[in-house]
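Undergrad: For reference, the structure I am asking about is given below.
Laboratory data are not the source of any read-out in this text; all were calculated from the coordinates shown. What you are looking at is a predicted structure, and each value in this text was computed from that prediction instead of being measured. So basically every Cβ, Gly included, is an ideal-geometry build from the backbone, and we count neighbours across all protein chains shown.
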Protein chains: 2
Amino acid sequence: MATSPNSPALRSWIDIPPGHDFPIQNLPFGVFETDERGPRLAVAIGGYVLDLYALSQYGFFEDLTELGAAQPKVFRRRSLNAFLRLGRPAWRAVRQRVSELLRHDAPSLRDHEEAVRECLLRQTHVRMLRPVKPNNYTDFYSSIEHATNVGTMFRDPANALLPNWRHLPIGYHGRTSSIVVSGTDIRRPHGQRKAPDEAAPTFGPSRQLDFELEMAFVVGTGTALGTTVPIANAEEHIFGLCLFNDWSARDLQSWEYVPLGPFLGKNFGSSVAPWVVTLDALEPFRTAGPVQEPAPLPYLAQTGNHNFDVQLEVALVPAQGLETTISRTNFGLLYWSMAQQLTHHASNGCNLEAGDLYASGTISGPTPNSLGSLLELAWRGTRPVPLADGSERKFLLDGDTVIMRGYAERDGVRIGFGEVRGTVLPAE
Amino acid sequence: MATSPNSPALRSWIDIPPGHDFPIQNLPFGVFETDERGPRLAVAIGGYVLDLYALSQYGFFEDLTELGAAQPKVFRRRSLNAFLRLGRPAWRAVRQRVSELLRHDAPSLRDHEEAVRECLLRQTHVRMLRPVKPNNYTDFYSSIEHATNVGTMFRDPANALLPNWRHLPIGYHGRTSSIVVSGTDIRRPHGQRKAPDEAAPTFGPSRQLDFELEMAFVVGTGTALGTTVPIANAEEHIFGLCLFNDWSARDLQSWEYVPLGPFLGKNFGSSVAPWVVTLDALEPFRTAGPVQEPAPLPYLAQTGNHNFDVQLEVALVPAQGLETTISRTNFGLLYWSMAQQLTHHASNGCNLEAGDLYASGTISGPTPNSLGSLLELAWRGTRPVPLADGSERKFLLDGDTVIMRGYAERDGVRIGFGEVRGTVLPAE
């Protein structure tokens, strides 16, 4: 029987420093290009990308019947979407095979000098692309701490959570066109804003630019319109997860959002990490979510552990400044699980499509330094966040770089998510 | 100089009954397939579709340099998107050429028996497809009568319009995956709902299924992320318009929509008409919109006529019943113009993509029989709408078919939009 690709005992013939995000147990998927190579799918291993198209051309996937006639072409694409449509047996077969090829005692790739040269590229030598082409993007609102904080600040501290919040995973549709890969600069948007003490709105650069720390899951297997997904099957549709920064212009958002929700305060840009960590790799890190009270309606009721213990952090780097970690929290704290989000989303028959992104909403913890946005960390500007260079922040300044990182760790194995980063450019 | 394809003097060698939606002055674009022919682009003329791929293969577009190397392939696609990306010169060149070929005194196609047989198919012999593959779909809220009615019913009659409404075109992102072409049945969705007098929510089939009469514009020329669109240039990005039914489950919507807007109450299905009428064909039907008070901020200020005088109507046909026209209104009544919607949407740098759909929001007029939804027509169930078969409606029943139609008419020329229709299937 094949060794599980998650086994802590595995090690690779590739030199990977301890505590690295991408050990042989991880093998996240992404898409890269170089000046010489068009877009190709890859797996991250240590500081390298493993070119799956090149690997396929060398015949290393030849016997994987799960790929059918799709290889090698499916690996020479600008997104994971076509690969996702092949389904979980194909995803698993490729990850298993890559794991076997990278094991320290497996000579077939290791000792094939030419193949190693062609298939293994330093991450610093490639450009990572947006991993999926999302046809649909939904942003949930699943942190009870975040929803409570926002409700306290903007509505009524005594009734911070709206009556529906504990009954269903609130969400809204976001904009797909402006989802960019980590490393893409974010231009400070113009927009309409009106402070409560102003008589009329004005138009100009946002004065309250913010980030939101989120995780997004990628749907791998879609559904037909009119089909629902029983909660017991929900995770079967999820390929993996990635870090996500839902940049937000709070002044635009608070003026525009009633009654139809966030719009231009969000859709000027969202940043996604280049690497999608498979749900399979996260299997050892299942954890119980918070107790749900009242109990969800039967269609959302689940047993077992459907949250994932992933440490998250946000760092802020001013222009020419030092990096400060300004928040540390955990993905496992979310009130609504991904399975509940997905099942709710499909409960009216809305169809899911391969490559769809479903973001968690801001992930905030219960303590002042575990909050997932500057809005909350600086509590609407009333307690500015101190930075290592002596400056402080109520909202983001031009030149600021925001970096989000995440990892799960146990038994000496770290399943890392890499990072999602973006730098704020001044308004035009 | 070439005759304008809009000239009322034009007539075609194809027999078209007076008052037909698709005279030679219209020439809307769509996508069809048959059992023998894969998806192809077409123009509607009278009761026929004109197969643009076949026309291209017969060489009728050979000298159109605006098409470059894209033909004939660009006409053998499942959506208009690739054609849209060619830009306005290409759209105009094709419409102008088709107009020339169809003129009563033009023999080149008319007298080419084989080409006529191959290029001209009866609409009843083809299947129309969704005209675009929308990467993005935004739904606005631009009828002041609709926004006032909803605000009156659900919030506060004294302050029905929220403070932001007259300052910006409110909108939200909708779901693209569930946008279907006219004729597709709509399954009554399940969902959570809680009436104000109920202690807790329940899950089950929607009891308040509704339609929304809308028009959607199709973006032809996209923009790069970070680019804004001055209002004077906004219409340059618009290819055309089509009828749109934004099916809505009012009970799901009213429970879920705070604070992030409509979600599962909408995304179980939206229906789009198969024919996109070009903005060029609508040029003779420009009209002034309502006076905007207060004056919009400078980035939204425009002079001239940017609304379009399009008559709209909604018919309801019960299962085995008679058709009743239950609403008549006009697209020209909208408070916010398409140009203002588009410029506002791009004002923060959000990028537009070819094939995007931007719907108007429910189009309601000022009188009780000009309202664009059953919610308003039956005033939240308090004045049921009588039908020709003696029954009445507060909301849609299983088996009901909703048909929306629209046309602009002047000087004996009718620029019709065809129809968008859908039948309600019982919940599963």
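Undergrad: From the phi of every residue in region B:59-74, what ³J(HN,Hα) in whole Hz does the Karplus formula 6.51 cos²θ - 1.76 cosθ + 1.60 yield, where θ is phi - 60° and glycine or proline is x?
TA: x, 6, 10, 3, 8, 7, 5, 4, 8, x, 7, 6, 8, x, 4, 5
Undergrad: Ordered shortest first, which distances in nm separate the 7 Å Cα→C-beta label point of B:E236 from those of the other copies?
TA: So the distances to the same position in the other copies read 5.2 nm.
Undergrad: Please give the calculated 222 nm ellipticity per residue for chain A, where each DSSP H segment of at least 4 residues contributes -39500 (n - 2.57) and the sum is spread over every residue; nearest 500 deg cm²/dmol? If you can, show how the numbers build up before the last one.
TA: Numbers: 9 runs with 68 residues, N = 428.
Calculated at 222 nm, the ellipticity per residue is -4000 deg cm²/dmol.
Undergrad: Measuring from the lowest to the highest alpha carbon on each principal axis, how far does chain B reach, largest first, in angstroms?
TA: 71, 53, 37
Undergrad: Dipole magnitude of the protein assembly as shown about its Cα centre, charges +1 at Lys/Arg Cβ and -1 at Asp/Glu Cβ only, in debye to the nearest 20?
TA: On the way: 78 positive and 92 negative charges, 1 e Å.
Rounded to the nearest 20 debye, it is 0 debye.
Undergrad: Step through the residues of region B:35-48 one at a time and calculate ³J(HN,Hα) from phi using the Karplus curve (6.51 cos²θ - 1.76 cosθ + 1.60, θ = phi - 60°), rounding each to whole Hz and writing x for Gly and Pro.
TA: 4, 8, 10, x, x, 9, 7, 8, 10, 8, 9, x, x, 10
Undergrad: Tell me, B:M153, A:M215 in order of fewest to most beta-carbon neighbours within 10 Å? Provide the component values of the computation, followed by the final result.
TA: Details: B:M153 15, A:M215 24.
Exposure proxy ranking, most exposed first: B:M153, A:M215.
Undergrad: What distance in nm lies between label points placed 7 Å from Cα along the C-beta direction at A:F154 and B:R286?
TA: Each label point lies 7 Å from its Cα, and together they span 3.9 nm.
Undergrad: For the peptides A:226-232, B:329-335, what is the packing order when you average, over each peptide's residues, the other Cβ atoms within 10 Å and list the highest mean first?
TA: Per-residue Cβ counts within 10 Å, averaged per peptide and sorted highest first, yield B:329-335, A:226-232.
Undergrad: Which chain A residue puts its Cβ closest to the axis that rotates A onto B, and at what distance in whole Å?
TA: A:G261, 1
Undergrad: Report P(r) for region B:175-290: all Cα-Cα distances, bin width 5 Å, range 0 to the bin holding the largest distance, values in whole percent.
TA: Values per bin, smallest distances first: 2, 10, 15, 17, 14, 14, 12, 8, 5, 3, 1, 0.
Undergrad: Taking only the C-alpha atoms, wrap a convex hull around region A:29-128 and report its volume per residue in Å³ as a whole number. Write down the numbers at each step before the final one.
TA: Numbers: hull volume 8.9 nm³, N = 100.
Given the Cα convex hull of region A:29-128, per-residue volume reads 89 Å³.
Undergrad: Follow-up question, since we're still on this one. Amide H to amide H, which residues 5 or more places from A:V181 or on other chains are under 5 Å from it, using H placed in the peptide plane?
TA: When sequence neighbours closer than 5 places are left aside, the close amide H contacts are A:R130, A:V272.
Undergrad: Return, for the Cα atoms of the protein assembly as shown, the radius of gyration and Dmax in Å, separated by a comma.
TA: Values for the protein assembly as shown (Cα only, Rg and Dmax): 27.7, 83 Å.
Undergrad: Next question. What's the lysine pair count for chain B at a Cα cut-off below 19 Å, pairs eight or more apart or interchain?
TA: Numbers: B:K73/B:K133; B:K133/B:K266; B:K194/B:K266; B:K194/B:K394; B:K266/B:K394.
Lysine pair count for chain B: 5.
Undergrad: How far is A:G59 from itself in the other copies, in nm, if each label sits 7 Å out from Cα along the Cα-Cβ line, shortest first?
TA: 5.0
Undergrad: Something else about it: For chain B, take the longest principal axis of its alpha carbons; what is the angle in degrees between that and the long axis of helix B:88-102, to the nearest 10 within 0 to 90?
TA: So the helix axis and the longest Cα principal axis differ by about 60 degrees.
Undergrad: Can you list residues from other chains, or at least 5 along the same chain, whose modelled amide H is less than 5 Å from the amide H of B:A354?
TA: Hits under the 5 Å cutoff: B:G222.
Undergrad: Mind listing the phi-derived Karplus ³J(HN,Hα) values for region A:111-128, rounded to whole Hz, using 6.51, -1.76 and 1.60 with θ = phi - 60°, and x for any glycine or proline?
TA: 3J(HN,Hα) across region A:111-128, in whole Hz: 9, 9, 3, 5, 4, 4, 4, 7, 9, 10, 10, 5, 4, 6, 9, 10, 9, 7.
Undergrad: Answer rounded, prolate or oblate for region A:266-358, using the Cα gyration tensor with square roots of eigenvalues a ≥ b ≥ c: rounded when a/c is under 1.5, else prolate when a/b is larger than b/c, else oblate. If you can, show how the numbers build up before the last one.
TA: Working: a/c = 2.10, a/b = 1.57, b/c = 1.34.
Verdict is prolate for region A:266-358.
Undergrad: Between the label point of A:D105 and that of the same position in each other copy, find the distances and list them shortest first in nm, with every label point placed 7 Å from Cα along the Cα-to-C-beta direction.
TA: The projected label point of A:D105 is separated from its counterparts by 9.0 nm.
Undergrad: Right, another one. How do the peptides B:352-358, A:195-201, B:380-386 rank, highest first, by the average count of neighbouring beta carbon atoms within 10 Å per residue? If you can, show how the numbers build up before the last one.
TA: Details: B:352-358: 24.3, A:195-201: 9.4, B:380-386: 13.9.
Answer by packing, highest mean first, reads B:352-358, B:380-386, A:195-201.
Undergrad: Relative to the first principal axis of the alpha-carbon coordinates of chain A, what is the inclination of helix A:144-154, with its axis defined by its Cα atoms, in degrees from 0 to 90 and to the nearest 10?
TA: 30 degrees
Undergrad: Need one number: nm distance between label points at B:E198 and A:E428, each 7 Å from Cα along Cα→Cβ, rounded to one decimal.
TA: 4.8 nm
Undergrad: What does the charge dipole of region A:137-425 about its Cα centre add up to, to the nearest 20 debye, if the Cβ of each Lys and Arg holds +1 and the Cβ of each Asp and Glu holds -1?
TA: Working: 20 positive and 30 negative charges, 108 e Å.
Its charge dipole is roughly 520 debye.
Undergrad: Given charges of +1 on the Cβ of Lys and Arg and -1 on the Cβ of Asp and Glu, with all other atoms neutral, how large is the dipole of region A:295-428 about its Cα centre, in debye to the nearest 20? Kindly include the intermediate steps, with their values, before the conclusion.
TA: Details: 9 positive and 14 negative charges, 71 e Å.
I would put it at about 340 debye.
Undergrad: Still on this structure: Provide a whole-number value for the mean count of partner chain Cβ atoms within 10 Å of the Cβ atoms in peptide B:348-358.
TA: Values: counts 19, 13, 10, 7, 1, 3, 0, 0, 1, 0, 0.
Across the residues of B:348-358, the mean count of other-chain Cβ atoms within 10 Å is 5.
Undergrad: Under 5 Å between amide hydrogens, which residues at least 5 positions from B:I326 or on another chain qualify, with H placed 1.01 Å from N in the peptide plane?
TA: B:V314, B:A315, B:L316
Undergrad: Now for a separate question. Using 1/(1 + (r/R0)^6) with R0 = 51 angstrom and r between the beta carbons of A:T325 and B:L162, what's the FRET efficiency to the nearest 0.05? Write down the numbers at each step before the final one.
TA: Values: r = 39 Å, r/R0 = 0.77.
With a Förster radius of 51 Å, E is 0.80.
Undergrad: Take the alpha-carbon centre of region A:11-78, take the same for region A:147-193, and report the distance between them in whole Å.
TA: 35 Å
Undergrad: Along the Cα→Cβ direction, 7 angstrom out, place labels at B:A9 and A:R11. What is the inter-label distance in nm?
TA: In this crude spin-label approximation the distance works out to 8.9 nm.
Undergrad: With a bin width of 10 angstrom, please list the P(r) values of region B:60-113 as percents of all Cα-Cα pairs, from the 0 bin to the one holding the largest distance.
TA: 23, 49, 26, 2
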